[in-house]
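Read through the structure below, which is laid out as structure tokens, and then see the notes.
The values are calculated or read from the model by the stated rules, or taken from the named source; none is laboratory data. Quick caveat: nothing in here was measured; it's all calculated off a predicted structure. Cβ coordinates were reconstructed from backbone atoms using ideal geometry, including for glycine residues, and neighbour counts include every protein chain displayed. Each accessible area value is taken on the protein alone, full model and side chains, heavy atoms only, with ligands, DNA and RNA left out. Shrake-Rupley method; radii C 1.70, N 1.55, O 1.52, S 1.80 Å.
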Amino acid sequence: HNIAYLRMIETARTRLASLLGMKLREMAQTQLFPVVVRTEIDYRKPAKLGDEIIIRGHLDAVERARFWCAFEMRRAEDEALLITCRQSLALVQMPQGRPLRLPEDWMTRYAHLIKAR
């Protein structure tokens, strides 16, 4: 089912957020959360029950108030591309629900995580 892919992307995004310094415990303390604004998924090929799936993710772009993460899922057996996905996120201060500008040093601090296109 297609929702299974999205669940796996959610897990991969949480791991990527950790690489970006967004640790779950710290987010709970600061009440500053990365919130998904948009998800784009292209379903290329179906996985089959029992397939081992490899998920790769990277920071795709950084803008003033949002950033993009990109993911791809491949079947381990033959490297067949199953899906590509991009998500736009914003940093939101809770409980106000107010989006914040990204820190100015994000582009330089995380440049190593942005995959060349």
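For the range 71-79, the criterion of being assigned to a strand (DSSP E or B) and over 14 Å from MET8 (Cβ atoms) is met by no residue. The set of residues in the range 73-88 being of a type in the set (D, E, K, R) and open to solvent by less than 40 Å² (accessible area, probe 1.4 Å) consists of ARG75 alone.
Those residues that are crowded, with 16+ Cβ neighbours inside 10 Å, of a type outside the set (Val, Ile, Thr), outside any strand (DSSP E or B) and within 10 Å of the chain's Cα centre (by Cα), I need them from the range 9-65; list them, please. Hits for the range 9-65 are ALA12, ARG13, LEU16, ALA17.
Going by the structure shown, is VAL92 among the β-branched types (Val, Ile, Thr), more than 25 Å from ASN2 (Cβ to Cβ) and not in a loop (DSSP other than H, G, I, E, B)? Yes, satisfied. Across the range 7-28, the number of residues qualifying as modelled with pLDDT under 90 and more than 18 Å from ASP60 (Cα to Cα) comes to 6. Checking the structure you have, find out if any residue of the range 27-42 is closer than 16 Å to ARG86 by Cα and in contact with a Cys (Cβ under 6 Å, 6 or more places away or on another chain). Within the range 27-42 (the criterion being closer than 16 Å to ARG86 by Cα and in contact with a Cys (Cβ under 6 Å, 6 or more places away or on another chain)), the answer is yes, since at least one residue qualifies. The single condition from (1) in contact (Cβ under 8 Å) with a residue 40 or more places away in the chain; (2) within 11 Å of the chain's Cα centre (by Cα) that TRP68 fails is (1). Every test in (1) modelled with pLDDT under 90; (2) assigned to a strand (DSSP E or B); (3) exposed (fewer than 13 other Cβ atoms within 10 Å of the Cβ) is passed by THR108 save one, and that test is (2).
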